[in-house]
Amino acid sequence: MVVEDDPVVRRALVIALQKMEIPVLAVSSCQQANEEQQKEPADLVISDLQLPDGNGLDLLRQFKKLNPAVEVIIITGFGTIESAVEAMKIGASNYLLKPFTSSQLELTIAQIAQQRELRKQNTNLKNQLADESEFSSLLFVSPEMDLVQKLIKQVAPTDATVLIEGESGTGKEVIARALHEKSLRKDKPYIKVNCAAVPENLLESEFFGHEKGSFTGATMKREGRFELANGGTLLLDEITEISLPLQAKLLRVLQEHEFERVGGSRTIKVDARIIATTNRDLVQAVAAGKFREDLYYRLHVVPIKVPRLAERKGEVEFLLGKFLDQFAKKHNKPVPRISPIALDQLCRYKWPGNVRELRNYAERAVILSTNEGELTYADIVPSQAVSSGDSVLGDGQEFPTLGDVEKRLIFLALKKTSGNRNEAADLIGINVRTLRNKLKEYQGSTQSDDESELAEQSKEAVSK
């Protein structure tokens, strides 16, 4: 908004701002400025110091009271050091003496825009640091997650929209952050919105922002997540929770890169890289009429499917070790040891809550650990979760014999020691001759599919 009573200067300012592609409204008095600012608040105000019905400093005070984030440039042909100091104390962004050139004006506005962007990035960074911890990095050893990591490296440098699909707790948000941090936008904002956590009637305002008075409770203008993410990355977490009417508006933003705030008429251009996540089958949602097909294809440019924890070979043991180390440091406690039997049971557990469940159980185990002996399966997995059918005692319905348990324990010791029979014998407290005789005995017996991998270790051990 330009507030200037001289029509020649007012028109010159409007032309200069239009050349900078800045939408501009021009008024000639304090009263008009106040009325317009109440209707549709301006982000930047350029006001003359002396006006027919007041002065720019009073206007500055009123505008700052309405919206502390508004940027105000005071201009005057009768400037004094005192008035300049007063303007800056009240909160003016800058102070220009007439006559000034369009280049000076452009430089002043560019400096204000840069400062505004730095403040926004600082706020975003503080919010991110509050949410993040040492557990936010992508940890894996499985070939399944190695494929995901390779896809991240390929896709991250592009601006392609990414759809991350997977069960809750598999690490979709960690993958989204990795995409941003490996992208060319890594120094720009990373904004996320959990579509499932925001009430449906507020989700549109959360996305696009709103103008003052656009609905009950909208006491001031608010920028939405798309606007905050301009130049950076926007994560739409659990995208399937968006209603069909809002899906249509979202599609428009993805296609045309523009939107209007709720209650506003000004079209806002935006450049944000979109990453969406879902824990549901979007194809089924489209077939059921709960998700727009055109939006699905717009999001499904590069799909990344995150496997369940139970499908990742070797991941449970690796992640459990990492989490125990990290939580031990966090809570200033020694790293607890896990019994071989418990580790085998944990590797066979189905992990319905995936990595999130494993991490939570690891923290629980560290906090409750007394450092007296090794942790058992029950020390890590709560009793209510044990009914998954996974156990070192076997997956069958019948209770195992002592011989069955003995065999699994020996196979487990061999796995733990990579087939070294001397170390395996020491681990379970028997002599190596007894171990060797047992291995020869087991070679002639049948094994379940779950034991086949462990049995490979025994074949190697017999020959050593």
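The values are calculated or read from the model by the stated rules, or taken from the named source; none is laboratory data. The model shown is predicted, which means the values in this text are computed figures rather than measured ones. Every residue, glycine as well, gets a Cβ built from its backbone with ideal geometry; the counts of neighbours run over all protein chains shown. Areas reflect the complete protein model, heavy atoms only, side chains present, ligands, DNA and RNA absent. Shrake-Rupley method; radii C 1.70, N 1.55, O 1.52, S 1.80 Å.
Of the residues in the stretch 93-108, how many are out of contact with any Ser or Thr (no Cβ under 9 Å at 6 or more places or on another chain) and either open to solvent by less than 20 Å² (accessible area, probe 1.4 Å) or without any contact (Cβ under 8 Å) to a residue 40 or more places away in the chain (or both)?
First, pick out the residues of the stretch 93-108 that are out of contact with any Ser or Thr (no Cβ under 9 Å at 6 or more places or on another chain): 99, 101-107.
Retained after the next criterion (residues that are either open to solvent by less than 20 Å² (accessible area, probe 1.4 Å) or without any contact (Cβ under 8 Å) to a residue 40 or more places away in the chain (or both)): 99, 101, 103-105, 107.
Selection size over the stretch 93-108: 6.
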### Message
So, in the stretch 122-139, exactly how many residues are open to solvent by 50 Å² or more (accessible area, probe 1.4 Å) and either assigned to a helix (DSSP H, G or I) or at pLDDT 80 or above (or both)?
### Response
8
### Task
From Val270, Val335, grab the single residue that is touching a Leu at 6+ places or on another chain (Cβ under 8 Å) and either open to solvent by 10 Å² or more (accessible area, probe 1.4 Å) or modelled with pLDDT under 90 (or both).
Val335
### Summary
Those residues of the stretch 338-353 which are within 20 Å of Ile175 (Cα to Cα) and open to solvent by less than 20 Å² (accessible area, probe 1.4 Å) amount to Trp351
### Query
Within the stretch 380-404, restricting attention to residues that are hydrophobic (A, V, I, L, M, F, W, C) and open to solvent by 40 Å² or more (accessible area, probe 1.4 Å), which residue is modelled with the highest pLDDT?
Leu402
### Query
Right, Glu211: more than 17 Å from Thr277 (Cα to Cα), in contact (Cβ under 8 Å) with a residue 40 or more places away in the chain and open to solvent by less than 40 Å² (accessible area, probe 1.4 Å) or not?
yes
### Condition met for Glu86 (acidic (Asp, Glu), free of Cβ contacts under 8 Å to residues at least 40 places away in the same chain and either in contact with a strand residue (DSSP E or B) (Cβ under 8 Å, 6 or more places away or on another chain) or surrounded by fewer than 18 Cβ atoms within 10 Å (Cβ to Cβ) (or both))
yes
### Query
All but one of (1) part of a helix (DSSP H, G or I); (2) free of Cβ contacts under 8 Å to residues at least 12 places away in the same chain hold for Lys249; which doesn't?
(2)
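Specify the residue that is modelled with the highest pLDDT; the eligible residues are those in the stretch 109-121 that are loosely packed, with under 12 Cβ neighbours inside 10 Å and of a type in the set (A, V, I, L, M, F, W, C).
Ala110
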### Query
Quick one: which of Leu203, Leu282, Leu236, Leu250 is farther than 30 Å from Arg116 by Cα and not small (Gly, Ala, Ser)?
Leu282
#### Entry: Any chance Gln37 is out of contact with any helix residue (DSSP H, G or I) (no Cβ under 7 Å at 6 or more places or on another chain) and closer than 29 Å to Gly213 by Cβ
no
### Message
Which condition from (1) more than 17 Å from the chain's Cα centre (by Cα); (2) within 15 Å of Ile274 (Cα to Cα) is the one that His180 breaks?
### Response
(1)
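Quick grid of which residues meet (1) among the hydrophobic types (A, V, I, L, M, F, W, C); (2) without any contact (Cβ under 8 Å) to a residue 60 or more places away in the chain; (3) crowded, with 21+ Cβ neighbours inside 10 Å:
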residue	(1), (2), (3)
Leu184	yes, yes, no
Ile191	yes, no, yes
Ala197	yes, yes, no
Asn201	no, yes, no
Met220	yes, no, no
Glu223	no, yes, no
Leu234	yes, yes, yes
### Task
With the condition kept exactly as written, say whether any residue in the stretch 354-377 is of a type in the set (D, E, K, R), open to solvent by less than 80 Å² (accessible area, probe 1.4 Å) and at pLDDT below 85.
no
### Task
Kindly indicate which of Lys407, Lys438 is farther than 27 Å from Glu315 by Cβ, in contact with an Asp or Glu (Cβ under 9 Å, 6 or more places away or on another chain) and at pLDDT 75 or above.
Lys438
### Message
Considering only residues that are under 12 Å from Ile275 (Cβ atoms) and either small (Gly, Ala, Ser) or not in a loop (DSSP other than H, G, I, E, B) (or both), which ones fall in the stretch 151-164?
### Response
Ile152, Val155, Ala156, Ala160, Val162, Leu163, Ile164
